[in-house]
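The structure appears right after this line, and notes come after that.
The values are calculated or read from the model by the stated rules, or taken from the named source; none is laboratory data. Just so it is clear, the structure is predicted and the values come from calculations on it, not from any experiment. Cβ placement follows ideal geometry from the backbone for every residue including glycine, while neighbour counts extend to all protein chains displayed. In case anyone asks, the SASA skips ligands and DNA or RNA and just uses the protein heavy atoms, side chains included. Shrake-Rupley method; radii C 1.70, N 1.55, O 1.52, S 1.80 Å.
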Amino acid sequence: MIGYFTLILVCQLVGEIVVHALSVSIPGPVLGMVLLFVLLLMRGKLPQGLGQTADGLLRGMALLFVPAGTGVMMHCRLLGEALMPLSVALVISTALTIIVTALMMRWLNRPGRDA
């Protein structure tokens with residue numbers, strides 16, 4: 001379990017290093033997650049221990065939202081001032097996500113595609 005937890009953290013660290021070295025606008029943990037995904041694709045399967053470690057981290061994930069929720073409450077006035085642009089961005093991004101998801105599902109489920 002410690003080894004798999006270290007693997008997850010190393011992937012996140014590599015993501016952070018790449019983001020800072022190349023000055024890209026992708027969060028380091030997201031890039032690290034992509035790196036871990038690529039490593040798992042190359043391996044061909046998910047090791048049982050890594051799955052158990054990830055499940056353990058996911059069980060405690062609710063605690064990670066407490067600081068974000070506190071920050072939102074502290075800046076409630078500022079969010080109220082930007083309510084219209086935030087609402088428009090939320091509606092547009094949600095619509096685009098639904099459209100892209102539908103198109104991907106349509107593409108992935110097309111006849112003649114090997115499963």
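Restricted to the stretch 1-25, and to residues there that are surrounded by fewer than 13 Cβ atoms within 10 Å (Cβ to Cβ) and within 17 Å of the chain's Cα centre (by Cα), the residue that is nearest to Pro47 (Cα to Cα) is Leu9. Taken together, the residues in the stretch 41-67 that are out of contact with any helix residue (DSSP H, G or I) (no Cβ under 8 Å at 6 or more places or on another chain) and open to solvent by less than 70 Å² (accessible area, probe 1.4 Å) amount to 4. All of Gly44, Gly51, Gly69, Gly80 fail the test of being at positive phi and without any contact (Cβ under 8 Å) to a residue 24 or more places away in the chain, apart from Gly44.
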